[in-house]
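Asks: I'd like to ask some things about the structure below.
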Amino acid sequence: MKPNKSNRLMPLLMALCVVIGILIGTFYANHFSGNRLNIINSGSNRINNLLHLIDDQYVDKVNIDSLVDVAIPQILADLDPHSVYISAKDVQQVADDLKGSFSGVGIEFVIRNDTIHVQGVIKNGPADQVGVRAGDKIVSVDGKPFVGKEVTSNEAMRKLKGPKDTKVKIGVIRYGEKKVRQFTITRGDIPQKSISAAYMIDEKTGYIKIKNFGENTYAEMLIALAKLSQEGFSNLIIDLRDNTGGYLKSAVQIANEFLPKNRLIVYTEGRKSPRQDYKSDGRGSYQQIPLVVLINEGSASASEIFAGAMQDNDRATIIGRRSFGKGLVQQQLEFPDGSMIRLTVARYYTPSGRCIQKPYVAGDNQDYEEDLLSRYQHGEFFSQDSIKHTGPAYHTSIGRTVYGGGGITPDIFVPEDTLGMTSYFKEASMSGLILQFAFNYTDNNRPKLSSFETMPELSAYLDKQNTVDKFATYADKNGLKRRNLMIKKSYGLLKLFINSRIIYNIMDEEDWIEYLNLDDNVIKAAIGVFNRGEAFPKKPASVKKGGRNKGKTAWMGTTPMPRIATNYTTRA
């Protein structure tokens, strides 16, 4: 009798079932014995499986999302100092910093004594339209008290910012009144300007301060240049001090305005990013105007792209102190939960071929983060001789020597002004006492101070008010012992910073900057360059061919000096 086909397959099926049974048994044995690591694959799967393992078997309940928020920054920190993780809750705030606007109520505020104080009201903004004024104290939001330790900048922004056309009700106490006023504000688009000042320093010289390179910076720049053109400027200062950067595109667009056709502005290149050149198109309207660019140790990224393009093309004189030294390009990559990473994908190079990224050790960012402090301690802020380079030498279009490997070194060095510096002044500024005094003085004298229409008028009035002596009395009552000899030595510095903060509180940022510039040695150096006709760099007497020179000289790590507290207000 011929064997049935199904009978022939039976042994094979039984063997297969035995194998499957063994595999299943092994899986469950491993699972319940706590030994799952042998099924975890290598590479990225290990991270995913590790999180599942923790979620499934860890002794206590774990918030996996929070664990990820901690783990990812640690992974990125092992790459370079500028690859970072941004949690979903922080993405909007980070984006607002460079966008042209955000949705909110339209106020600038500071927090003093656990209370929101309205420092300024955006003209024609939502708060302005309903009658909120500078000096108002916000004590309630949406019918609930909002004072005390819960009042932080982040919590205030969370309550006051919101989608366009939504409403928020605030209660405020106005100076000289006891009754709480109620305002219902419809949130709207609030402009975020990246150009904080554009005015004429003298009859010939225009001045533009760019505090970051955002989405609308180029458009703002064209408006500022048009304004100065109407006022007859024939020289231009672009101030990039403490400009930490922003979008590469904005820096390239602005550089294009000052360069003749087909000049290299910057190029980028990385392992997975082919070289990309950014060149001028020759359509810029200000190709011939004498130009000075101001930088310092706080100028980074897009600021260094612009300054490097002007320096390497011999288009402007760079004045100040050596810039930060960030030559890495980040790309933003979003996760489905709304969080994102900024991952370094390339380096950027100035027209001469130099990368100005300062040295770093992957996974060890402490020295990198303390670099500016180290520069300060080694004397670089005070002596040009303390600037040393280990990066290779390069040459500009006319043969001037420039260096890579650690920021943009200015053509004209101007040291940090230490005239009148004392331990009393340092403590007064770093402790925040100057800011506190200026705010209280402003609040107590707002009607009189608000009667002045221009910065020079208000400045002249403050000169007669002996604010330094009033500050010394205030500081003595708040823990800073009065030291008359030091106060006398630091009188000029104290007066400058006290009065500047009062002006900032009453007027706008441009008035504040204009006041500080009146006695600024870097501004004076720029004016001197124009007066001597030296804005366009000269060809050196002995010229080597342009391009890279592989010889090396010495470089010293740099660092940020302890800053005088600047108290920029928060917008909502």
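The values are calculated or read from the model by the stated rules, or taken from the named source; none is laboratory data. Model, not experiment: these values are computed from the prediction. Here Cβ is always computed from backbone atoms with ideal geometry, including for glycine, and neighbour counts include all displayed protein chains. Areas reflect the complete protein model, heavy atoms only, side chains present, ligands, DNA and RNA absent. Shrake-Rupley method; radii C 1.70, N 1.55, O 1.52, S 1.80 Å.
Asks: With +1 on each Lys and Arg Cβ and -1 on each Asp and Glu Cβ, how big is the dipole of the chain about its Cα centre, in debye rounded to the nearest 20?
Replies: Result for the chain is approximately 760 debye, rounded to the nearest 20.
Asks: Which of the aspartates and glutamates could a cross-linker bridge to Lys279, judged by Cα under 14 Å and excluding same-chain residues fewer than eight apart?
Replies: Answer for Lys279, where 14 Å is the Cα cut-off: Glu257, Asp312, listed by chain and number.
Asks: So, one more: Using +1 at the Cβ of each Lys and Arg and -1 at the Cβ of each Asp and Glu in region 217-340, identify which of Val292, Phe335, Asn243 lies farthest towards the dipole's positive end.
Replies: Val292
Asks: Suppose every K and R has +1 on its Cβ and every D and E has -1 on its Cβ; what is the size of the dipole of region 369-432 about the Cα centre, in Debye to the nearest 20?
Replies: Numbers: 4 positive and 9 negative charges, 45 e Å.
Using Cβ point charges on Lys, Arg, Asp and Glu, region 369-432 gives about 220 debye.
Asks: Next question, about the same structure. How many nm separate the modelled label positions at Val147 and Asn124, each set 7 Å beyond the Cα in the direction of the Cβ?
Replies: Going from the Val147 label point to the Asn124 one covers 3.6 nm.
Asks: Return the distance in nm (one decimal) between the two label points of a simple spin-label model at Ile527 and Gln288, each offset 7 Å from Cα along Cα→Cβ.
Replies: About 2.7 nm separates the two model spin labels.
Asks: So, in nm, how far is label Ile47 from label Met430 when the simple model puts each one 7 Å beyond its Cα toward the Cβ?
Replies: Going by the 7 Å Cα→Cβ label model, 3.9 nm.
Asks: What percentage of the solvent-accessible surface of the chain, computed with a 1.4 Å probe over protein heavy atoms, is contributed by carbon and sulfur atoms?
Replies: The computed percentage sits at 52.
Asks: Straight-line reach from Lys488: which aspartates and glutamates have Cα under 16 Å away, leaving out those fewer than 8 places along the same chain?
Replies: Hits, sequence-local ones excluded: Glu427, Asp463, Asp469, Asp476.
Asks: Relative to the present Cα-Cα distance, how much length would full extension add between Met200 and Tyr58 at 0.36 nm per residue of separation?
Replies: Contour length minus the Cα-Cα distance gives 44.5 nm.
Asks: Moving on. Can you tell me the length gained on complete extension of the stretch Ala226 to Asp385, counting 0.36 nm per residue apart and subtracting the Cα distance?
Replies: 53.3 nm is the gain from fully extending Ala226 to Asp385.
Asks: What residues qualify as long-range amide H neighbours of Val329, i.e. H under 5 Å apart, gap of 5 or more or another chain, H built at 1.01 Å from N?
Replies: Val345, Ala346, Arg347, Tyr348
Asks: Computed from the coordinates I sent, Rg/Rh (Cα atoms, Kirkwood Rh) equals one of (1) 1.04; (2) 0.98; (3) 1.08. Tell me the label.
Replies: It is the one labelled (3).
Asks: Turning to a different aspect of this structure: Longer than 19 Å from Cα to Cα, which of Lys193/Lys249; Lys137/Lys211; Lys89/Lys249; Lys167/Lys193 are they? Say none if no pair is.
Replies: Lys137/Lys211; Lys89/Lys249; Lys167/Lys193
Asks: Counting only the backbone N, which residues of region 154-174 are under 13 Å from the spot 7 Å out from the Cα of Lys99 toward its beta-carbon?
Replies: Only 161-165 fall inside the zone, counting backbone N under 13 Å.
Asks: So with the 1.4 Å probe, I'd like the accessible area per residue for the chain, rounded to whole Å².
Replies: Value returned for the chain: 52 Å² of accessible area per residue.
Asks: Could you compute Rg(Cα) / (2.2 N^0.38 Å) for region 138-206, with N its residue count?
Replies: Ratio of Cα Rg to 2.2 N^0.38 Å: 1.62.
Asks: Now, a different point. Explain nothing, just compute: Karplus ³J(HN,Hα) = 6.51 cos²θ - 1.76 cosθ + 1.60, θ = phi - 60°, for every residue of region 273-278 in order, whole Hz, x for Gly and Pro.
Replies: My calculation for region 273-278 gives 10, x, 4, 10, 8, 10 Hz in order.
Asks: Here's something else I'd like to know. Pop out the ³J(HN,Hα) list for region 393-398 in order, Karplus 6.51 cos²θ - 1.76 cosθ + 1.60 with θ = phi - 60°, rounded to Hz; leave Gly and Pro as x.
Replies: Each residue of region 393-398 in turn: 8, 10, 9, 6, 4, 10 Hz.
Asks: In addition: What residues have an amide H closer than 5 Å to that of Thr244, excluding those fewer than 5 places away on the same chain, when H is modeled at 1.01 Å from N in the peptide plane?
Replies: The list, which skips near neighbours in sequence, is Ala300.
Asks: Also: Using 1/(1 + (r/R0)^6) with R0 = 22 angstrom and r between the beta carbons of Leu485 and Thr418, what's the FRET efficiency to the nearest 0.05?
Replies: Computed FRET efficiency for Leu485 and Thr418: 0.80.
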